[in-house]
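Presented below is the structure to which this report refers.
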Amino acid sequence: MTKKGFTSALDMPDVPMGKLPDHLEVQRTRVVCKADAPINTEGIQYSGSYATMGIDNSTPLERFRKNFKVEVIRLTEDEMEFDMIGIDAAIANAFRRILISEVPTMAIERVFMVDNTSPIVDEVLAHRLGLTPLDADPRLFEYMSGHDVANERNTIVFKLHVSCKKGSPRLTVKSDQLEWLPDGSKLHEVAPSLPGEQQKTYTSFSGSQMEVSKKPLGVMHKDITIARLGPGQTIELEAHAVKGIGKVHAKWSPVATAWYRMLPEVVFLKEVKGEEAVQLVDKCKQGVFDIEDLGNGERRAFVKNPRACTLCRECLRGVSEDPVELRRVRDHFIFTIESAAAVPPEVLFTEAVKILEEKCERVISELS
Amino acid sequence: MKACQLFSVIDEDHTLANSVRFVLNQDPRVSFCGYSIPHPSDNNVNIRVQTTGDSAKDVLKDALHDLVQCASMSDLHLTHLLLSSRQHNQLKRWKLMNNFLVSI
């Protein structure tokens with residue numbers, strides 16, 4: 001005897017094979033953001049998850065190739081915003097991690113102090129110099145390992161020589177006073193013992209660095225304050241820049257930052273009309289909702305710009321019954337790359353992809 | 001030929017391991033796959049692959065090849081898109097997709 005409101009499993013209507021019921025489809029393809037926290041965040045990745053329903057959850061390369069899309073929203077010299085559709089969070093995150101920590105740039109690593117009577121202590125000055133972004137394409141240079149000789153292919157030499165005369169007001173040392181030395185270091189490592197002897201400097205440039213980099217090198221921004229000098233104070237130093245990656249030190253990170261977010265999706269759970277609709281449109285400060293006229297004087301709220309949703313959840317606050325459901329599309333990523341290096345953002349992305357490929361090739365060659 | 005193997009990869013971290021794990025999951029020959037980082041100070045990662053009969057090494061190699069394809073495809077799409085819109089608009093610095101400046 002069946003109890004009231006109880007359906008035996010044997011009496012349930014048959015689930016159509018080959019197609020997921022709606023609630024499972026939402027679980028598979030969307031992250032639902034409830035008022036307190038998101039649910040379904042991990043995602044159903046296993047290829048045989050829905051095997052009992054006759055659905056193949058795998059994505060063979062052919063299907064990926066067909067469904068994958070890229071759309072560029074904004075591209076400037078420093079910043080790029082683009083959408084990647086059809087990719088998974090694991091790979092999007094791999095790109096983000098590589099962009100932040102494994103794409104190489106040039107940054108000042110060694111500072112040879114000759115004279116520093118400024119109020120900025122040696123190591124703090126050297127730290128500041130290291131963080132100054134340089135306008136040098138890292139693809140033209142090689143890495144320098146511990147015992148390598150510093151030559152024009154792996155080191156960029158800058159000189160800073162500023163003094164503030166006695167009686168003049170305080171002087172601000174800006175980054176454009178870093179002078180590039182294309183012929184290498186001018187500091188002598190050992191004092192020459194015989195007059196006229198060839199003096200050994202800290203680098204061994206065999207030619208001008210102009211041949212390596214076709215254009216003059218310098219700093220990216222000319223107005224970064226490096227130090228301030230009072231009257232009678234001097235800074236004289238030589239700085240050597242080398243190629244490195246962000247993993248070793250953040251000064252070598254090419255991006256101001258790179259981040260992604262998933263495409264927001266806002267779905268109405270019930271119709272919101274009249275006064276409620278006006279309140280809802282007003283609550284959302286990002287302009288996600290708008291009013292449409294239904295004809296007979298009725299007004300209804302609809303989703304105008306779901307992309308602007310920042311998940312502030314104002315629309316869910318203070319209501320007993322949620323009018324909307326906030327979701328994220330699991331395979332649609334809005335990527336933003338802000339380049340802080342000499343390389344434009346689209347080139348940075350290409351470099352990141354190459355690095356991921358290299359990592360895979362390395363493991364493949366080890367397995368063979 | 002082993003169907004279950006644990007691969008310990010040196011000098012790698014979540015960047016590669018999570019991506020490979022995802023691609024492995026998509027392969028119908030795999031019955032279980034996962035990765036773990038034994039200690040965050042040591043720079044290595046353990047990737048475990050269990051298959052339904054095929055050699056685990058071959059399945060991992062195929063997954064890595066697929067990952068390379070995925071990565072190069074995303075780059076190809078982006079470069080192709082940027083180049084074609086430059087030709088289309090004939091501007092020195094590329095302006096894109098409906099001139100949308102979406103501020104978020």
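The values are calculated or read from the model by the stated rules, or taken from the named source; none is laboratory data. Predicted model, so just to flag it, every value in this text is computed and none were measured. Cβ atoms come from the backbone with ideal geometry, glycine included; neighbour counts cover every protein chain shown. To get the accessible areas, we keep the full protein, side chains included, count just its heavy atoms, and leave off ligands, DNA and RNA. Shrake-Rupley method; radii C 1.70, N 1.55, O 1.52, S 1.80 Å.
What's the magnitude of the charge dipole for the range A:305-360 around its Cα centre, counting Lys and Arg as +1 and Asp and Glu as -1 at the beta-carbon? Answer in Debye, nearest 20. Intermediate results must be reported in sequence, preceding the final value.
Numbers: 8 positive and 10 negative charges, 28 e Å.
Taking the Cα centre of the range A:305-360 as origin, the dipole is about 140 debye.
Does the range A:171-257 classify as rounded, prolate or oblate by the C-alpha gyration tensor (a ≥ b ≥ c root eigenvalues; a/c under 1.5 gives rounded; else a/b over b/c gives prolate, otherwise oblate)? Oblate. I need the Debye-formula profile for the protein assembly as shown: one equal scatterer per C-alpha, no solvent, reported as log10 I(q)/I(0) at q = 0.06, 0.08, 0.10, 0.12 1/Å, two decimals. After summing over all Cα pairs, the log10 values are -0.41, -0.68, -0.96, -1.18. With all protein chains kept in place, the per residue accessible area of chain A amounts to 54 square angstrom at a probe of 1.4 angstrom. Listed values for the range A:205-219 are Karplus-derived 3J(HN,Hα) couplings in whole Hz (6.51 cos²θ - 1.76 cosθ + 1.60, θ = phi - 60°), namely 7, 8, x, 6, 6, 4, 6, 7, 10, 5, 10, x, 9, x, 9, and x replaces Gly and Pro.
Got a sec? Charge dipole of chain A, +1 on Cβ for Lys and Arg, -1 for Asp and Glu; which of A:Tyr143, A:Val353, A:Ser49 is way out at the positive end? Farthest towards the positive pole: A:Ser49.
Please compute the contact order of chain A in relative form: average sequence separation of alpha-carbon pairs under 8 Å and at least six residues apart, divided by the residue count, as a percent.
Values: 677 pairs, mean separation 87.2, N = 368.
Over chain A, the number comes to 24 percent.
With θ taken as phi - 60° and the Karplus curve 6.51 cos²θ - 1.76 cosθ + 1.60 applied, the whole-hertz 3J(HN,Hα) list for the range B:51-63 is 10, 8, x, 6, 5, 4, 5, 5, 5, 5, 4, 4, 4 Hz, x standing for glycine and proline. Rounded to the nearest 100 Å², what is the sum over both chains of accessible area buried where B meets A, with a probe of 1.4 Å? Buried area (both sides, nearest 100 Å²): 4500 Å².
The accessible area of B:Leu83, taken with all protein chains in place and a 1.4 Å probe, comes to roughly 80 Å². Restricting the trypsin sites (Lys or Arg not before Pro) of the range B:1-35 to loop positions (DSSP other than H, G, I, E, B) with no more than 16 neighbouring Cβ atoms within 10 Å leaves B:Lys2.
At 222 nm, what helix-only mean residue ellipticity would the protein assembly as shown give, in deg cm²/dmol to the nearest 500, using -39500 (n - 2.57) for each DSSP H run of four or more? Don't skip to the answer; put the middle values down first.
Values: 8 runs with 118 residues, N = 472.
Computed mean residue ellipticity for the protein assembly as shown: -8000 deg cm²/dmol.
Using Cα springs under 10 Å in a Gaussian network model of chain A, which residue among A:Glu123, A:Glu62, A:Glu238 shows the largest mean-square fluctuation? In this elastic network of chain A, the residue with the biggest mean-square fluctuation among A:Glu123, A:Glu62, A:Glu238 is A:Glu62. Determine which lysines satisfy two conditions relative to A:Lys215: a Cα distance under 19 Å, and not lying fewer than 8 residues away in the same chain. Cα-Cα hits under 19 Å: A:Lys159, A:Lys243.
With a cap of 15 neighbouring Cβ atoms within 10 Å, and only residues DSSP puts in a loop, list the GluC sites (Glu not before Pro) found in the range A:271-329.
On the way: sites: A:Glu271, A:Glu275, A:Glu276, A:Glu292, A:Glu298, A:Glu314, A:Glu321, A:Glu325; in loops: A:Glu271, A:Glu298, A:Glu321.
Listed in order of number, the matching sites are A:Glu271, A:Glu298, A:Glu321.
Other residues within the sphere of radius under 9 Å centred on the Cβ of A:Lys273, judged by their own Cβ, net out at -2 (K and R +1, D and E -1). Would you work out which of A:Val103, A:His127, A:Val157 lies farthest towards the positive end of the dipole of the range A:61-184, given +1 charges on the beta-carbon of Lys and Arg and -1 on that of Asp and Glu, about the Cα centre? In the range A:61-184, that residue is A:His127.
GNM remark for chain A: springs join alpha carbons under 10 Å apart, and the peak mean-square fluctuation among A:Gly184, A:Gly232, A:Gly244 falls on A:Gly232.
For a Förster distance of 60 Å, can you work out the FRET efficiency between the beta-carbons of A:Tyr143 and A:Lys270, rounded to the nearest 0.05? Walk me through the intermediate numbers first.
Values: r = 60 Å, r/R0 = 1.01.
Approximately 0.50, to the nearest 0.05.
One Cα centroid belongs to the range A:175-189, the other to the range A:39-62; the line between them spans 59 Å.
Taking the alpha-carbon distance from B:Lys61 and a cut-off under 30 Å, which lysines remain once sequence neighbours fewer than 8 residues away in the same chain are dropped? By straight Cα distance, B:Lys61 reaches A:Lys66, A:Lys69, A:Lys247, A:Lys354, A:Lys359, B:Lys2.
When chain A is treated as a GNM, springs tying every alpha-carbon pair under 10 Å, which of A:Val248, A:Val111, A:Val157 comes out with the largest mean-square fluctuation? Residue with maximal mean-square fluctuation among A:Val248, A:Val111, A:Val157: A:Val248.
The spacing between the range B:39-56 and the range A:269-318, judged by their C-alpha centroids, is 48 Å. Averaged over the residues of peptide B:28-34, the number of Cβ atoms from other protein chains lying within 10 Å of each residue's Cβ is 3. Backbone phi angles across the range A:52-66, fed through the Karplus curve with coefficients 6.51, -1.76 and 1.60 (θ = phi - 60°), yield HN-Hα couplings of 5, 9, x, 10, 9, 8, 7, 10, x, 3, 5, 5, 4, 4, 6 Hz in residue order; Gly and Pro are listed as x. Note on the range A:24-104: with charges restricted to the Cβ of Lys and Arg (+1) and Asp and Glu (-1), its dipole about the Cα centre is near 340 debye. Near A:Ala239, the amide H atoms lying under 5 Å from its own belong to A:Phe112, A:Phe158, A:Lys159, A:Leu160; only residues 5 or more places off or on other chains count, and H is placed 1.01 Å from N. In this Cβ point-charge picture (+1 for Lys and Arg, -1 for Asp and Glu), the protein assembly as shown has a dipole of about 600 debye about its Cα centre.
Leaving ligands, DNA and RNA out of it, report the carbon-plus-sulfur percent of the accessible area of the protein assembly as shown at a 1.4 Å probe. Spell out each step's value before the answer.
Numbers: 13160 of 25480 Å².
The computed percentage sits at 52.
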